[in-house]
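Written below as structure tokens is the structure these notes are about.
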């Protein structure tokens, strides 16, 4: 395998772990990034990038699952813009439950 084939296999493995809508864009971006970084390393080393150098570089870059996780969208349960409204509703809800509990204890 040459350096390009190693990168292609790595990018394909990362892309398989992403949502279908993201795969092509992320694969293109990751492919360009890896080639650019590898070219910089090969120039710094003063030699042409081979499969061994590429494999070493990709091991340092991270496992495909970790790289795919960097590209996945984060799960946002409560949007930051709704944070104040959420806290207000939560405090009112807790106060209401405590009030009903207190009334129930006093009546019962």
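The values are calculated or read from the model by the stated rules, or taken from the named source; none is laboratory data. Keep in mind that this is a model prediction, so the values were computed, not measured. Cβ coordinates were reconstructed from backbone atoms using ideal geometry, including for glycine residues, and neighbour counts include every protein chain displayed.
One table, with the values for the structure above:
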{"quantity": "Test result for residue 103, more than 22 Å from the chain's Cα centre (by Cα), over 30 Å from residue 13 (Cα atoms), at pLDDT 95 or above and outside the structural domain of residue 9 (by TED's automatic domain parsing)", "calculated": "no"}
{"quantity": "Matching residues in the stretch 56-66 - criterion: being in contact with a helix residue (DSSP H, G or I) (Cβ under 6 Å, 6 or more places away or on another chain) and touching a residue at least 40 places away in the same chain (Cβ under 8 Å)", "calculated": "58, 64"}
{"quantity": "Residue list for the stretch 69-86, restricted to those being surrounded by 11 or more Cβ atoms within 10 Å (Cβ to Cβ) and either modelled with pLDDT under 85 or closer than 18 Å to residue 14 by Cβ (or both)", "calculated": "69, 71, 72"}
{"quantity": "Meets criteria (touching a residue at least 40 places away in the same chain (Cβ under 8 Å) and over 19 Å from residue 1 (Cα atoms)) for residue 92", "calculated": "no"}
